[in-house]
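Chemist: Can you keep this structure in mind? I'll have questions shortly.
The values are calculated or read from the model by the stated rules, or taken from the named source; none is laboratory data. Keep in mind that what you see is a predicted model, and the values were worked out from it rather than measured. Here Cβ is always computed from backbone atoms with ideal geometry, including for glycine, and neighbour counts include all displayed protein chains.
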Amino acid sequence: MSTLIRPTHWIVGVARRAEFLGAASLETTVGSTLAEAWKQVMDGCLVDADGLATHVAAHFRLPVAELARAEPAARKLLPESLVRRHFIFPMRADDRVITIATADPTDMQMEQDVGFASGRSVCCEVASPAALHEMIEATYSPEQTIEQMLRGVDDAGTGIRVVDDDELAAQNAVSADEAQSGPVVQLVNLVLQRAIERNTSDIHLQPAGNQGIVRYRIDGVLVNSGQMPIPALHRVISRIKVLAKLDIADRLRPQDGRARVHVHGRTYDLRISTIPARGAEKCVIRILDTQRAVPLSQVGLLEPELVRMKRMLTHRDGIVVVTGPTGSGKTTTLYAALQEIHGPDINIMTVEDPIEFELPGVTQIQVETKQGVTFASALRAILRQDPDVIFVGEIRDAETAAMAAQAALTGHLVLATLHTNDAPGAIRRLADLGLDHATIASTLRGAVAQRLVRRINPAVAQAIAPEDALTDEEERLAHAFDVRPISRVGPGESAKEAGYRGRLPLAQVFEVTPDIVEMIATGKSIGQVEAAAISHGMRSLRQTGIDRVACGDTTLQELERVLGDVDDRAHEAAAVAAATPADGTPAHASSRTSGHGAAPRGTLAIAADAVLAALGDEAHDAHPPRVLVVDDDGANRMIARALLMSEKFDVDEAQDGAEALQRVRSGQVYDLVVLDLDMPHVGGYEVLKAIRADVESAGIPVIILTGTSDAELETQLLDDGADDYIRKPYDPRRFLGRVKATLRRTRG
């Protein structure tokens, strides 16, 4: 009796030639499908798909396909039906050759069909069936890919419902089991719902190569939350644009819109922004919980700052501003302040973009630029509504600043946000927006600078006893901040993911006292004003952060992440010393200020100090030339200062033209002014003319720093009184040579 011999599959021969363990006992036959044959070899020989693909490619002397580098143009040469029938993927093509990724290099029929369809010769590369399947589905069937992403998810965004803007609040109730139809809608709902459940402030949907990435900003830090194929990302962003009533066909211009959703019994506003990004789009969604406003006592301010903040809110007129970068909690603090002063006898009106929280009993106006409702125009209308307190979402232009000052001068308390680095810097920012110093002195009641640090999650916190050793990083930061931590995030993967929960504010509260009013009105420098404020109890952001670490609320690493510059201890010590000199007289009574009179110094100034420290004590003599360097670019000021000090010059700095004129007019004697030409608001040309027009300063030599090569402009500068000019970027030797030459000509 004869035995029927069933031929083995070609892939078994590859496995045996590669001497895979167990290959000899494989019984995979020619009748098996391609996917089954690959799987049986992988399971029987304990090899993964990539490893098997490498051996198959080597066996047939073919390259391994890099599917991520497939060129979109090649896909146009083959119909989807042919790609699916032969289970291949087009990689690239030119006028003569098309390259195909396949899991079966022995398929001669495939090669003939592809050659006929494309009109080109066929070259093959090897990929596993699983990789080919994923690429085909991601490219030709994004809806099916999205369904696979949703498969196994218990609650695929069914707890979320889109709310029309004109829908009444009474109609906002939604059933938890109300589902949306369609995989794209479900995926968008799932992304939004999970973000809200994780207390996310922003969702980022962005392309990254052939993948789309979803990232959540949680407690101020971006974390990856998943990825999807690029075609799926396009459809998800299109769905979001539909929600925001944006043009889904326009992918070449930035667009902004709004939407509203209802999740787990709460309503959330979504601020949606899209921008083009290398053939795709990036979308960022800001999530605003309209019902999250908290009282001032629950914001988390430390007691000294809370007391000073409440004291500022007792004023019945004037301006109180909260400053800080985007996402630092400014609006949350001001909403809490509104709740602090709200009462049945107080008429509070706001103008915002957008309205972030809903406050019962408060009239809130949404900025709508397309309809002509701007901050300034809304403020003008509000003044006719008999308000007691006005909240301005942001003072961002001269017109809004002027209207806010007018409101404050006519007996209203104005609360607003502003963008500055620290609280005293609000004076300079208001001046930049066009308010004169007399108006600022009359209206400004105080300013609060704010940052947010993450709070240590108590569930994973690890106490640090006094006898416990610190890590190298903790030792470094403890020395830099001069504080020993009492708590850290515990070890382990779970701690890395959830080491922090929630955020706490660091605040610098600047109160305008009567003597500070006089200093502002007479144009004293910000450094002098800051010293006076410190003498009255103002603490820096750094000091409040140190308190947080000392209490175990946060870590030194978090403090460094938020504040950045850990080396301004010397500046703060100097500021405190300036505020309380040995003779007991206030620092602001002195006419001379330090070379950094504007604000706490940052990395650039510290770097310049390091250069000077290396020069030794002999870098100063009894009567060195005194030079004022004026430039809005901190890097240029740092370089110029270090170079001049290396030649034993006494150097002061000014960050803009207005500060430069204040210094020159304050009676300080300068042997030279090095002046940048291009600065905002008050440029170098205006400063030059002002110096030459004043009898007391007309004799000061001035060197202009300019980035232009316009010979006519340079001639004009010399005609108008400049002693010399230096083109940027400047060579250090040439810079010092021109400075010395100017001083020799003018000092003899």
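Chemist: If we scan the range 374-395, do we find a residue that is in contact (Cβ under 8 Å) with a residue 12 or more places away in the chain and within 30 Å of residue 660 (Cα to Cα)?
Modeler: Checked the range 374-395: at least one residue is in contact (Cβ under 8 Å) with a residue 12 or more places away in the chain and within 30 Å of residue 660 (Cα to Cα).
Chemist: Can you tell me which condition residue 80 does not meet? The list is (1) crowded, with 18+ Cβ neighbours inside 10 Å; (2) at pLDDT below 90, and all the others hold.
Modeler: It is condition (1) that residue 80 fails.
Chemist: Then there's this: Considering only residues that are assigned to a loop (DSSP other than H, G, I, E, B) and modelled with pLDDT of 85 or more, look in the range 29-60 and name the one that is nearest to residue 105 (Cα to Cα). Don't jump to the end; show me each part of the working.
Modeler: Just the residues of the range 29-60 that are assigned to a loop (DSSP other than H, G, I, E, B), to begin with: 30-33, 46-48, 60.
If we keep only those that are modelled with pLDDT of 85 or more too, we end up with 46-48, 60.
On the way: 46: 22, 47: 20, 48: 19, 60: 8 Å.
So the residue we want is 60.
Chemist: Going through 275, 346, 287, 355 one at a time, which residue ends up being within 25 Å of the chain's Cα centre (by Cα) and surrounded by fewer than 16 Cβ atoms within 10 Å (Cβ to Cβ)? Reasoning before the result, please.
Modeler: Details: 346 fails: within 25 Å of the chain's Cα centre (by Cα); 287 fails: surrounded by fewer than 16 Cβ atoms within 10 Å (Cβ to Cβ); 355 fails: surrounded by fewer than 16 Cβ atoms within 10 Å (Cβ to Cβ).
Testing whether each residue is within 25 Å of the chain's Cα centre (by Cα) and surrounded by fewer than 16 Cβ atoms within 10 Å (Cβ to Cβ) leaves just 275.
Chemist: Scan (1) out of contact with any strand residue (DSSP E or B) (no Cβ under 6 Å at 6 or more places or on another chain); (2) on the phi < 0 side of the Ramachandran plot for the single condition residue 46 breaks and write down its number.
Modeler: The number of the failed condition is (2).
Chemist: Which one of these does residue 56 not meet: (1) touching a helix residue (DSSP H, G or I) at 6+ places or on another chain (Cβ under 8 Å); (2) within 28 Å of residue 207 (Cα to Cα)?
Modeler: Among (1) touching a helix residue (DSSP H, G or I) at 6+ places or on another chain (Cβ under 8 Å); (2) within 28 Å of residue 207 (Cα to Cα), residue 56 violates only (2).
Chemist: Take the residues in the range 300-322 that are buried (at least 21 other Cβ atoms within 10 Å of the Cβ) and part of a loop (DSSP other than H, G, I, E, B), then tell me which one is modelled with the highest pLDDT.
Modeler: Restricting to residues being buried (at least 21 other Cβ atoms within 10 Å of the Cβ) and part of a loop (DSSP other than H, G, I, E, B), the top hit is 301.
Chemist: Quick one: count up the residues across the range 11-28 that are touching a residue at least 24 places away in the same chain (Cβ under 8 Å) and either in a loop (DSSP other than H, G, I, E, B) or among the β-branched types (Val, Ile, Thr) (or both).
Modeler: Residues flagged as touching a residue at least 24 places away in the same chain (Cβ under 8 Å) and either in a loop (DSSP other than H, G, I, E, B) or among the β-branched types (Val, Ile, Thr) (or both) within the range 11-28 amount to 7.
Chemist: Restricting to the range 324-356, give me the number of residues that are among the β-branched types (Val, Ile, Thr) and outside any helix (DSSP H, G or I). I'd like the intermediate steps shown before the answer.
Modeler: First, pick out the residues of the range 324-356 that are among the β-branched types (Val, Ile, Thr): 326, 331-333, 341, 346, 348, 350-351, 355.
Checking which are outside any helix (DSSP H, G or I) leaves us with 326, 346, 348, 350-351, 355.
So the count comes out to 6.
Chemist: Further question: Within the group 466, 485, which residue is free of Cβ contacts under 8 Å to residues at least 24 places away in the same chain, over 23 Å from residue 535 (Cα atoms) and not polar (S, T, N, Q)?
Modeler: Working: 485 fails: free of Cβ contacts under 8 Å to residues at least 24 places away in the same chain.
Just a single option satisfies the conditions, and that option is 466.
Chemist: Residue 505 is checked against (1) assigned to a loop (DSSP other than H, G, I, E, B); (2) crowded, with 22+ Cβ neighbours inside 10 Å and fails just one. What number does that condition carry?
Modeler: For residue 505, the failing item is (1).
Residue-by-condition table, conditions (1) touching a His at 6+ places or on another chain (Cβ under 9 Å); (2) surrounded by fewer than 17 Cβ atoms within 10 Å (Cβ to Cβ); (3) on the phi > 0 side of the Ramachandran plot; (4) modelled with pLDDT under 85:
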{"site": "178", "(1), (2), (3), (4)": "no, yes, no, yes"}
{"site": "182", "(1), (2), (3), (4)": "no, yes, yes, yes"}
{"site": "195", "(1), (2), (3), (4)": "no, no, no, no"}
{"site": "205", "(1), (2), (3), (4)": "no, no, no, no"}
{"site": "219", "(1), (2), (3), (4)": "no, no, yes, no"}
{"site": "230", "(1), (2), (3), (4)": "no, no, no, yes"}
{"site": "247", "(1), (2), (3), (4)": "no, yes, no, no"}
{"site": "260", "(1), (2), (3), (4)": "no, no, no, no"}
{"site": "270", "(1), (2), (3), (4)": "no, no, no, no"}
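Chemist: Additional query: Quick check: is even one residue across the range 88-101 within 43 Å of the chain's Cα centre (by Cα), charged (D, E, K, R) and modelled with pLDDT of 90 or more?
Modeler: yes
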